[in-house]
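Remarks on the structure that follows.
The values are calculated or read from the model by the stated rules, or taken from the named source; none is laboratory data. In this text the structure is predicted, and so the values were computed from the model without any measurement. Reconstructed Cβ throughout: ideal geometry from the backbone, glycine too, with neighbour counts over all protein chains shown. Surface accessibility is based on the protein's heavy atoms, side chains included, excluding ligands, DNA and RNA. Shrake-Rupley method; radii C 1.70, N 1.55, O 1.52, S 1.80 Å.
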Amino acid sequence: MVESSIGGVVPAVKGEVMRRMGDKEEGGSVRDEEVGTVTEWELDRELLCPICMQIIKDAFLTACGHSFCYMCIVTHLHNKSDCPCCSHYLTTSQLYPNFLLDKLLKKTSARQISKTASPVEQFRHSLEQGCEVSIKELDALLLMLSEKKRKLEQEEAERNMQILLDFLQMLRKQKVDELNEVQHDLQYIKQDLNSVERNRIDLYRARDQYSMKLRMLADDPIGKKPWSSSTDRNFGGLFSTSRNAPGGLPTGNLTYKKVDSKAQIGSPGPQRKDTSISELNSQHMSQSGLAVVRKKRVNAQFNDLQECYLQKRRQLANKSRVKEEKDADVVQREGYSEGLADFQSVLSTFTRYSRLRVIAELRHGDLFHSANIVSRQVCIEFDRDDELFATAGVSRRIKVFDFSSVVNEPADAHCPVVEMSTRSKLSCLSWNKYTKNHIASSDYDGIVTVWDVTTRQSVMEYEEHEKRAWSVDFSRTEPSMLVSGSDDCKVKVWCTKQEASVLNIDMKANICCVKYNPGSSVHIAVGSADHHIHYYDLRNTSQPVHIFSGHRKAVSYVKFLSNNELASASTDSTLRLWDVKDNLPVRTLRGHTNEKNFVGLSVNNEFLSCGSETNEVFVYHKAISKPVTWHRFGSPDIDETDEDAGSYFISAVCWKSDSPTMLAANSQGTIKVLVLAA
C-alpha cells in the first residue's frame with residue numbers, strides 16, 4: 001500500500017541514491033549515462049503535493065508514508081483528522097520533516113533554473129545558495145561587469161543618438177517639403193498679384209477716362225456727338241478690355257446712354273455738371289461701402305478661403321504648366337491662370353451675399369384647417385420650368401402652388417392651384433423634368449405613385465415595397481425611369497411603361513435616400529442607415545461602383561451638384577461633398593444642427609442649403625466649409641418662451657434652379673420664400 005501511494009516514491013528515490021553513493025564509496029564507478037539520468041531528472045506528477053498540486057514546499061512525511069507541503073497538510077488536519085491520500089487516522093503529532101526530499105527538490109529546482117535561467121540569474125542563484133568566491137575573483141568579476149556596463153551604456157547611447165538623428169532627418173525632410181510647398185505657394189501668389197495689379201490698373205484707367213468723358217459731356221452738351229465718336233475710336237479697345245477683364249465694368253455703355261438722355265432733356269449745363277458729379281460721388285461712396293462689407297466677409301472666412309485658393313492653385317499647377325505651352329497666347333492676353341480665375345469666381349460669389357431676405361410667406365396649414373403639411377419627412381419641389389412648386393407631408397395631400405402668385409399676391413390669398421389626396425402620409429416628391437405635369441410620390445405604406453397634375457389622377461401605382469418608402473427620384477436623362485428606396489432595405493427601379501419594377505437591389509440597411517446622377521440614366525447614389533453612400537451602376541448591381549464612407553450616422557439625403565459632384569447630409573450634423581468620378585471625399589461642411597430629424601437638403605451649381613433643428617436655414621458655398629449665411633424662422637404668433645418653440649425645426653428646403661431664390665419650410669407648417677441678398 002505504501003509503495004502504491006504518492007509518498008511511496010520517496011523511499012525508492014532514497015534507496016536508489018544511497019545505493020549509488022555506496023557504490024561510489026566502494027570505488028565502483030557509475031556509468032556516465034546513469035549519472036546523466038540522475039542529473040537530468042525532471043519534475044513529474046509524483047513530486048507534486050496531493051493537496052495543492054504544486055511542487056512540494058517544506059516537505060513533511062506522515063506516519064502512513066505520504067509527503068505533503070507542511071502548510072497544506074496542517075490546514076487539512078485542522079478540518080479533518082485523516083490522510084488525504086489513504087484516509088487513515090492522522091494528527092499533527094504524526095507529521096515528520098522529510099529532509100531528504102527537501103534536499104532533492106532543491107537540487108532539482110536548481111537544475112531546472114540552470115536550464116532556463118540566464119547566466120546572471122544563475123550567478124545570483126549561486127551566490128544566494130552560499131557559493132564561496134574569493135576577493136580576487138570578485139574583483140575580476142566587478143571589473144568585467146564594469147566594462148560590460150560601459151559597453152552597454154555606449155551601445156544604448158548610440159541607439160538613442162541614431163533615433164534622434166532619424167527623427168531630425170525626418171523633421172528636416174518634412175519642413176523642407178513644407179518650405180518647398182510654401183515657396184511654390186508664394187510663387188503662385190506673386191504671379192497672381194502681378195496679374196491682378198495689371199488688371200486693376202487697366203480698370204482704374206478705364207474708370208478715369210470714363211469719368212472724364214462724362215464731365216466733358218456735361219460741360220459741352222452740344223459737341224458731345226463728335227467728341228463721343230472720337231473718344232469711342234480712341235478708347236474703344238480699352239473699354240472692351242475692361243469689360244472682358246474679371247471684375248470689369250460691363251454696364252459702362254448703358255450708364256453712358258442713360259446720362260446722355262438726361263443731358264438732352266435736362267436743365268442748363270452747370271446744373272447738369274453738378275448732378276453728374278454728385279451722382280458719381282454717391283455711386284463711388286456706395287461702392288466703397290460695399291467693398292468694406294465684402295472685405296469683412298473675407299476676413300471672417302479667411303482661413304477657409306486661403307485653403308480654397310491654395311487647393312485650386314496646387315491642383316491646377318501641373319495642368320497649368322502644360323497649358324502654358326499650348327495656350328501661351330491666351331494666358332498672356334488675359335493675365336489670369338485657370339486656378340486664379342476659378343478662385344475669383346468662388347470669392348466673388350461667396351462675398352456677394354451676406355443674408356437671406358424673406359420675400360414671401362405661406363401658412364396654408366391654418367388656411368385649410370388641416371394638419372400642417374410640413375412635418376418630419378416633408379418635401380418641396382419645383383417643377384421643370386420653376387413656375388410651380390409642390391408640397392407634401394403628413395397631411396396626406398399634394399398641394400401645387402403657382403410661384404409667381406405666392407410671391408406677388410397678398411399673404412391671405414395663397415391657394416393651391418392643384419390639390420391631390422393620398423391614402424397615406426407622404427415622404428418625398430419628384431417632378432418629371434421632361435413631362436411637366438407628371439410628379440412622383442412615395443409614402444409611409446411603401447407605395448410609389450406617379451401623378452398627372454393636370455387630371456389630378458394617379459397614372460401608375462407601385463406597391464412592391466414592404467415597408468415605408470423614404471425617397472423617390474425621376475431620371476433626368478431617361479424620363480420614363482424612376483428609382484425608390486425603402487425601409488425594407490431595397491432599392492427599386494421603375495419604368496412608367498411597366499406595372500412592375502424593372503430592377504431590384506437588396507441592401508443590408510434601411511434606405512433613406514436615392515438620387516439619379518443628372519448626367520446618366522444608369523448611375524444612382526443611395527444613402528442608407530449604415531452611414532455610407534453606395535454609388536451604383538445599374539448595368540451591374542452585384543456590387544456598388546464605390547462606397548463613400550465618412551458619416552458617423554445615417555445618411556438622410558443625397559443630391560448631385562453636377563455630374564461629378566455629390567452632396568450628402570447626415571444626422572451627424574454634417575454635409576459632405578464627394579467626387580464620384582475619382583471616388584474621393586472633397587469637403588465636410590459644418591455649422592447646422594441635425595441629430596434626429598430629416599431637415600432637408602437642396603443644391604445648385606454653387607450653393608447648398610439645409611435645415612437645422614434650431615429652426616434655422618443654413619446656406620453653404622460648396623468651396624467653403626462654414627456657412628455663408630443663415631436665417632431663423634420666427635413669427636409674431638410664436639412665443640419664444642414657450643417650451644414647444646424650441647422643438648420646431650426646418651423640415652424642407654429647395655432652390656429655384658441656379659437662382660439665389662429658395663423655398664424653406666419648418667415643422668410648424670410655415671413656408672418662406674427666401675432670396676440671398678448683400
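Couple of notes before you dig in:
- For the range 465-582, a Kirkwood hydrodynamic radius built from all Cα pairs, placed in the Stokes-Einstein relation at 25 °C and 0.890 mPa s, yields a translational diffusion coefficient of 176 µm²/s.
- The spacing between the range 451-515 and the range 565-634, judged by their C-alpha centroids, is 25 Å.
- Sequence-ordered 3J(HN,Hα) estimates for the range 532-545 from the Karplus curve with 6.51, -1.76 and 1.60 and θ = phi - 60° stand at 10, 10, 9, 9, 10, 9, 5, 7, 8, 9, 5, 7, x, 4 Hz, glycine and proline given as x.
- Simple Cβ-charge dipole of the range 71-157, Lys/Arg +1 and Asp/Glu -1, about Cα centre, in debye nearest 20: 260 debye
- Cut-off under 5 Å, modelled amide H: who pairs with Ala652 long-range: Ala665
- Considering all C-alpha pairs of the range 140-214, those separated by over 17 Å amount to 73%.
- Counting protein heavy atoms only, the range 549-678 has 44 percent of its accessible area on carbon and sulfur, 1.4 angstrom probe.
- For the residue pairs Lys312/Lys656; Lys515/Lys553; Lys425/Lys490, the C-alpha atoms sit more than 24 angstrom apart in Lys312/Lys656.
- Above 25 Å, the calculated P(r) of the range 498-647 contains 33 percent of its Cα-Cα pairs.
- Annotation note: trypsin sites (Lys or Arg not before Pro) in the range 62-111 located in DSSP loop regions with a Cβ neighbour count of at most 13 within 10 Å are Lys80.
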